[in-house]
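Student: Mind looking over this structure? Questions follow.
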């Protein structure tokens, strides 16, 4: 039933029915949370081997990992990530437990020291950063905190709208970079097309120190057959822009969030420059935790098998969300959504102007969703339409209740809007 | 035998003897290292329980430490450090594996954002930092990298020369802080007197955003009866300067270097400000590693017992160094040294102009020492006299050989200098 074509009387009748259903939910005193992209306890149970001691505290290279070493350690951790992600080993630096921290620090270095001999960004007061949206709120927060004006770029099913990106970066040297989650983007689950990757690599930028922040957070987090992603380094090398890319990854959603191993990869020149500063910042990262990773998942195939076991837990949750959305909202004209093939989120668009009201309705009935607007720069969705659904954490029965309620709220908010417009 | 009173002929005779001894050492093809303040493998063996899984992955507060949390976790880790070091719990933030990283980031925040509403330090081009020397080369390197002019302050047996410090900071608002290792300082093992702590707390600073970087790295690393350290927070609170202090500590030399837990402590206002930025920089630190610490050493007394077992391994090494220095160099007039009651180093002063030559002689004979000058800003010891001895890492028989050789080199370099001056 396409709600958009209903008469006022029909809308009022629908509204009354929905209101009753909604009140029933409210009376149940629910307290459910679909706000955060957290793994479920069952997923974490799959990773309990990471709690244990590594097979040995002596590294493959004969290093006693219990003692001090250098920021370049461990080479075997870099080798594992290299094979797993198809990145040259000599591009990789291993970090601590947080790839977000590596991103933040990378931008701080640009601010304080500049990139490859260019002027430090702090000296450029009107600096800007491109934020494809809907996107990851923590990315946007980092560049906001570091004094960038956030420029929203629309997303398309192939990635950021490259016509917009190319035009902006060609003209404005104060645009210093772009945030990218190229595979199963947060929150839409969009995978960048080959053409998008090629255009990002090849585009002319007015800023000589333009940075692509390539956060491949979900690079191995497939729900079905892996979606292929074009090699950004290869594309950039071909285009002569190898120094443009900073690539990030972590095992936060492989082993434990906050207890994993992060990495960044970049051109040899960028790596040498980063290493020069990082060697002053710290003596080295936690190598024992790296050995734990290597003990439990010594090969790329072992990692993939482990991720397949996690996917087996996630698939039913995603399918429950998508089938419920289709059943409850399909053909109503009140919402559209994405059907991700990996990652941690489903993205839902309500009628314009209804996201905030929907989230508020859900909250009053006891279901916490990611705040409306959170997926846009400055937490402001110009259409007030986007809602991020995080189906990974709640138990399946709670997820079922939460998503059922969400659909009621979407319809209720949508119909209330239509009634107001009458 | 006071070498300084010898005639030229006597010096020549001594030189010939020493040269023969030195050549014998060279012929042995030694390869020994006394350069770095690293724990020995025997010390690390005492910590092998830290490799294991924590008793539970559920925290005292009921948090599943395997999942995401916040930068304020875990409160029980803060509580342990609070009791151990006598710091109010609400001053503490737990970091990652590196307190040096916390120091670097703290100064970066001042550079980019300023302190408590003051102007960001990047806007002040001629910024300076006080470096009591001899001191820790990595401290000096951090402030050098971050664009500070390094001002050397002499050390006294009570800590930094406070007459010099007070005069400098009272006049010059571009002096933004001072590095302090208040207990068993690196490399001299000096412990700050109550008066030094009080004067640091009470002194008038021209800069309203002056920072004391209080790196209590060896705060529980006693070799004998603990040397008491006056409470800097208490002294500052009394003086109305509580926002002046940033206090750092880690378990790098309690459990594993690079595999431990770091912390910083500061006034509630400074903590709130730091937390605001850190919450953007990272989602949180590695809580599982915190639980490992809490599992192995759940109480301050357990920590102290563990450190006593480490001290039992370290005492004979320090005593070997000191007795050898006394036996070989005592009364010669060629050297003076400190007798630390804790920490990781012994500091040796040769005749002026002889440190570099001594280190070079040792190196040619196969013994690597910390580079001469490393303990001063810009790696330049104005007297070319100071040598840092790190007795913790080598096995005791190697240490014996290395320190014997070092004494030969000190005498040889000293006598060669005296002969040149004849």
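Student: Quick check on this structure: which one of B:30, B:11 is at pLDDT below 95 and in contact with a helix residue (DSSP H, G or I) (Cβ under 8 Å, 6 or more places away or on another chain)?
Tutor: Numbers: B:11 fails: at pLDDT below 95.
Only one candidate passes the filter, namely B:30.
Student: Now a separate question. Can you pull out every residue in segment B:106-142 that is under 17 Å from residue B:278 (Cα atoms) and part of a helix (DSSP H, G or I)?
Tutor: B:106, B:107, B:108, B:109, B:110, B:111, B:112, B:113
Student: What number of residues within segment A:72-105 satisfy the criterion of being more than 10 Å from chain B (Cβ to nearest Cβ), assigned to a loop (DSSP other than H, G, I, E, B) and either out of contact with any strand residue (DSSP E or B) (no Cβ under 9 Å at 6 or more places or on another chain) or within 26 Å of residue B:260 (Cβ to Cβ) (or both)? Give the steps one after another, and end with the answer.
Tutor: Taking segment A:72-105 and keeping what is more than 10 Å from chain B (Cβ to nearest Cβ), we get A:72, A:74-94.
Filter once more, keeping what is assigned to a loop (DSSP other than H, G, I, E, B): A:72, A:74, A:86-88.
In the following step, the residues that additionally are either out of contact with any strand residue (DSSP E or B) (no Cβ under 9 Å at 6 or more places or on another chain) or within 26 Å of residue B:260 (Cβ to Cβ) (or both) were identified as A:72, A:74, A:86.
Total meeting the criteria: 3.
Student: What about residue A:254, is it modelled with pLDDT of 95 or more and under 16 Å from the mean Cα position of the chain (by Cα)? Walk me through it before giving the result.
Tutor: On the way: modelled with pLDDT of 95 or more: yes; under 16 Å from the mean Cα position of the chain (by Cα): yes.
In short, yes.
Student: Which of the residues belonging to segment A:291-301 are in a helix (DSSP H, G or I) and either within 23 Å of residue A:62 (Cβ to Cβ) or in contact with a strand residue (DSSP E or B) (Cβ under 7 Å, 6 or more places away or on another chain) (or both)? Even if it seems obvious, please write down each step before you answer.
Tutor: Within segment A:291-301, the subset in a helix (DSSP H, G or I) is A:291-296, A:300-301.
Correct list: A:291, A:292, A:293, A:294, A:295, A:296.
Student: Now, a different point. Considering only residues that are in a helix (DSSP H, G or I), within 30 Å of residue B:41 (Cβ to Cβ) and more than 7 Å from chain B (Cβ to nearest Cβ), which ones fall in segment A:29-66?
Tutor: Filtering segment A:29-66 for residues in a helix (DSSP H, G or I) gives A:41-45, A:48-51.
If we keep only those that are within 30 Å of residue B:41 (Cβ to Cβ) too, we end up with A:48-51.
A:48, A:49, A:50 - these are the residues of segment A:29-66 that are in a helix (DSSP H, G or I), within 30 Å of residue B:41 (Cβ to Cβ) and more than 7 Å from chain B (Cβ to nearest Cβ).
Student: Now for a separate question. Any idea which of (1) free of Cβ contacts under 8 Å to residues at least 24 places away in the same chain; (2) part of a helix (DSSP H, G or I); (3) more than 14 Å from every other protein chain (Cβ to nearest Cβ) is the one residue A:311 doesn't satisfy?
Tutor: Exception for residue A:311: condition (1).
Student: Do we find a residue being without any contact (Cβ under 8 Å) to a residue 24 or more places away in the chain and either under 27 Å from residue A:1 (Cα atoms) or surrounded by fewer than 20 Cβ atoms within 10 Å (Cβ to Cβ) (or both) anywhere in segment A:361-370? Step through it out loud before you land on a result.
Tutor: Looking only at segment A:361-370, we keep the residues that are without any contact (Cβ under 8 Å) to a residue 24 or more places away in the chain, and these are A:363.
Next cut, either under 27 Å from residue A:1 (Cα atoms) or surrounded by fewer than 20 Cβ atoms within 10 Å (Cβ to Cβ) (or both) only: A:363.
Yes: segment A:361-370 contains one or more residues that are without any contact (Cβ under 8 Å) to a residue 24 or more places away in the chain and either under 27 Å from residue A:1 (Cα atoms) or surrounded by fewer than 20 Cβ atoms within 10 Å (Cβ to Cβ) (or both).
Student: Taking the stated definitions as given, is residue A:338 in contact with a strand residue (DSSP E or B) (Cβ under 9 Å, 6 or more places away or on another chain) and within 20 Å of residue A:398 (Cβ to Cβ)? First the steps, then the outcome.
Tutor: Values: in contact with a strand residue (DSSP E or B) (Cβ under 9 Å, 6 or more places away or on another chain): yes; within 20 Å of residue A:398 (Cβ to Cβ): no.
So residue A:338 does not fit the description; no.
Student: Consider residue A:284 against the criteria (1) within 14 Å of chain B (Cβ to nearest Cβ); (2) over 30 Å from residue A:235 (Cα atoms); (3) in contact with a helix residue (DSSP H, G or I) (Cβ under 6 Å, 6 or more places away or on another chain): it satisfies all of them except one. Which criterion is unmet?
Tutor: Result: residue A:284 passes all but (3).
Student: Taking segment A:295-316 on its own, how many of its residues are surrounded by 14 or more Cβ atoms within 10 Å (Cβ to Cβ) and within 18 Å of residue A:227 (Cβ to Cβ)?
Tutor: Matching residues across segment A:295-316 total 7.
Student: Would you check if residue B:137 is without any contact (Cβ under 8 Å) to a residue 40 or more places away in the chain, within 28 Å of residue B:355 (Cα to Cα) and surrounded by fewer than 23 Cβ atoms within 10 Å (Cβ to Cβ)?
Tutor: Here the answer is no, as residue B:137 does not meet what is asked.
Student: I need the full set of residues from segment A:158-199 which are assigned to a helix (DSSP H, G or I) and closer than 26 Å to residue A:123 by Cα, in order please.
Tutor: First, the residues of segment A:158-199 that are assigned to a helix (DSSP H, G or I): A:162-171, A:194-199.
Selection gives A:165, A:166, A:167, A:168, A:169, A:170, A:171.
Student: Let me ask another. Those residues that are farther than 19 Å from residue A:248 by Cβ, within 14 Å of chain B (Cβ to nearest Cβ) and in contact with a strand residue (DSSP E or B) (Cβ under 7 Å, 6 or more places away or on another chain), I need them from segment A:122-149; list them, please.
Tutor: A:127 - this is the single residue of segment A:122-149 that is farther than 19 Å from residue A:248 by Cβ, within 14 Å of chain B (Cβ to nearest Cβ) and in contact with a strand residue (DSSP E or B) (Cβ under 7 Å, 6 or more places away or on another chain).
Student: Further question on the same structure: Exactly one of these conditions fails for residue A:113: (1) within 14 Å of chain B (Cβ to nearest Cβ); (2) closer than 30 Å to residue A:176 by Cα; (3) in contact (Cβ under 8 Å) with a residue 12 or more places away in the chain; (4) surrounded by fewer than 19 Cβ atoms within 10 Å (Cβ to Cβ). Give me its number.
Tutor: Of everything listed in (1) within 14 Å of chain B (Cβ to nearest Cβ); (2) closer than 30 Å to residue A:176 by Cα; (3) in contact (Cβ under 8 Å) with a residue 12 or more places away in the chain; (4) surrounded by fewer than 19 Cβ atoms within 10 Å (Cβ to Cβ), residue A:113 misses just condition (4).
Student: While we're here: Could you please give the count of residues in segment B:369-404 that are part of a helix (DSSP H, G or I) and farther than 25 Å from residue A:64 by Cβ? Walk me through how you get there before you give the answer.
Tutor: To start, the set of residues in segment B:369-404 that are part of a helix (DSSP H, G or I) comprises B:377-379, B:396-404.
Right, trim to farther than 25 Å from residue A:64 by Cβ and you get B:377-379, B:404.
Qualifying residue count, segment B:369-404: 4.
Student: Moving to a separate point now. Here are some residues: A:291, A:334, A:297. Which one is out of contact with any helix residue (DSSP H, G or I) (no Cβ under 8 Å at 6 or more places or on another chain) and touching a residue at least 24 places away in the same chain (Cβ under 8 Å)?
Tutor: Sole residue among the options that is out of contact with any helix residue (DSSP H, G or I) (no Cβ under 8 Å at 6 or more places or on another chain) and touching a residue at least 24 places away in the same chain (Cβ under 8 Å): A:291.
The values are calculated or read from the model by the stated rules, or taken from the named source; none is laboratory data. What you see is a predicted model; the values in this text were computed from it and never measured. Glycine gets a Cβ as well: all are built from the backbone with ideal geometry, and neighbour counts include every protein chain shown.
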